[in-house]
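Working notes, structure below.
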């Protein structure tokens, strides 16, 4: 038996349990923002867009005591830690009494309520037995992370029945700059359906809502989309546009345990005629 290895494992387990307990205790006592560490201040934006880039957290201090930073996401009624790491200010930061910590983009894989917690780093196991004594040495900030918004279009914009050229559906998430972390659970990655409908002579037949779709609207084409592709171009066959009238292309979220009302959705519309056509986008 390797006693040294066992002790390191026990220390790691105790540290993880302590950090999680401290976060839950602190949120219960102070709500989603509050607490203080003497001589330490943190500045961060109140909101962020999922997968849009690193989150920059500025820490100002004249002494920079040993600190830990933790990122958590609200899952149901509890905050689930995503990552915990020590804060190491560079030499230049010590002179300027300020440093910037970057939380990697991939941790923000989905929209929701996140928390950034900064606390003094415990030294030894004895500090881990008295979390109530350290609650005043914790800073917690809430972060509202919204879903990236999609852009959907159909080209060309002017269509006749049975167009000579294929029609392209272009789906983009222009705010997305990185993929989720490699160990992100599948449940945290949303899924969508891209669906083409024939609406007939009135757009009122097609309504981009869960309850507004008229049963007479006909699904001509569907394809599943997983996650947030930077840009995806789909070719729609010309025979799909064989009737004059209105067509709608919907991006709809799939039920994956994530509230559907929170997920992004959008639509693009085109009118097909035997002579000249017009296009609308929403």
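A compact table of results
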{"read-out": "Packing-based exposure ordering (other Cβ within 10 Å, fewest first) of 249, 159", "value": "159, 249"}
{"read-out": "Relative packing of peptides 37-44, 110-117, 262-269 - highest average C-beta neighbours within 10 Å first", "value": "110-117, 262-269, 37-44"}
{"read-out": "By average C-beta atoms within 10 angstrom, highest first, the peptides 58-71, 76-89, 188-201", "value": "188-201, 58-71, 76-89"}
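A short reminder: the numbers here are calculations on the coordinates, not readings from a lab. Since the model is a prediction, treat every value here as computed from it, not as a measurement. Reconstructed Cβ throughout: ideal geometry from the backbone, glycine too, with neighbour counts over all protein chains shown.
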